[in-house]
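The values are calculated or read from the model by the stated rules, or taken from the named source; none is laboratory data. The shown structure was predicted, so the numbers you read here are calculated from the model rather than taken from an experiment. Please note: Cβ atoms are built from the backbone with ideal geometry, for glycine as well, and neighbour counts cover all protein chains shown.
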Amino acid sequence: MKFVLESQIKLLSVNEAYATIKSGRRIKSNEYKNFTTTILMLMRSHRNAYRAFELAFNPKVHEIFATLERGTPAFYTNAGTISRISGDVPNYEKCLTDCVMIGQIDDSAITEWRMRKFPAPKHCFRLTLEIRERPPKPDWWK
């Protein structure tokens, strides 16, 4: 079973998610609070599909394979190379999964990630979560 969440919003990087206050403590930034609200509103429109996904998941026999595809308009530099401001792909995964995995399934159930970024006219993303049966332990694991 799969759950797909997609939107034309800009994902939040972990680098933008926290602010350091004078005492040195790190707190959630306003950007992170706004991002969380936006993702929760998006999840509300997919609540039936996500609930079916949760009900199909058995933590004793399943694991989750996740794919994150992220489109960004600032992909190439003028020289034709991939721009540094297009971001590190894994930096965008954490904030999104923390917002999406709010129900019965913890994001620790994700055992494999596939991530990619691509040029797009607007910011966008597609997150696909797929339930898979756990494979047997590998031979080298004793």
Taking segment 28-51 and keeping residues exposed (fewer than 12 other Cβ atoms within 10 Å of the Cβ) and over 19 Å from residue 93 (Cα atoms) leaves 44, 45, 47, 48
Report whether or not residue 60 is out of contact with any His (no Cβ under 8 Å at 6 or more places or on another chain), within 20 Å of residue 134 (Cβ to Cβ) and either in a helix (DSSP H, G or I) or of a type in the set (Lys, Arg) (or both). yes
Result of the Cβ filter at 7 Å on segment 113-142, keeping first residues that are surrounded by 14 or more Cβ atoms within 10 Å (Cβ to Cβ) and partners that are in a loop (DSSP other than H, G, I, E, B) and among the hydrophobic types (A, V, I, L, M, F, W, C), at least 6 apart or interchain, is 123/9; 125/11; 131/1; 131/57
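Condition test on residue 10, is it out of contact with any Cys (no Cβ under 6 Å at 6 or more places or on another chain), within 24 Å of residue 84 (Cα to Cα) and either of a type in the set (Phe, Trp, Tyr) or not in a helix (DSSP H, G or I) (or both)?
Working: out of contact with any Cys (no Cβ under 6 Å at 6 or more places or on another chain): yes; within 24 Å of residue 84 (Cα to Cα): yes; either of a type in the set (Phe, Trp, Tyr) or not in a helix (DSSP H, G or I) (or both): yes.
Considered against the rule, which asks whether it is out of contact with any Cys (no Cβ under 6 Å at 6 or more places or on another chain), within 24 Å of residue 84 (Cα to Cα) and either of a type in the set (Phe, Trp, Tyr) or not in a helix (DSSP H, G or I) (or both), residue 10 comes out as yes.
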Show the residue pairs that are 6+ apart or on different chains and have beta-carbon atoms under 7 Å apart, the first residue being within segment 23-35 and of a type in the set (D, E, K, R), the second being surrounded by fewer than 11 Cβ atoms within 10 Å (Cβ to Cβ) and outside any loop (DSSP other than H, G, I, E, B). 26/20
I'd like to check something: does segment 95-103 contain any residue that is closer than 28 Å to residue 133 by Cβ, of a type outside the set (Asp, Glu), touching a Ser or Thr at 6+ places or on another chain (Cβ under 9 Å) and in contact (Cβ under 8 Å) with a residue 24 or more places away in the chain? yes
In segment 84-142, what count of residues is obtained for those that are outside any helix (DSSP H, G or I), at pLDDT 90 or above, in contact with a helix residue (DSSP H, G or I) (Cβ under 9 Å, 6 or more places away or on another chain) and within 19 Å of residue 37 (Cβ to Cβ)? 2
Against the definition (assigned to a helix (DSSP H, G or I), closer than 21 Å to residue 71 by Cβ and either modelled with pLDDT of 95 or more or in contact with a Phe, Trp or Tyr (Cβ under 8 Å, 6 or more places away or on another chain) (or both)), how does residue 16 come out, yes or no? yes
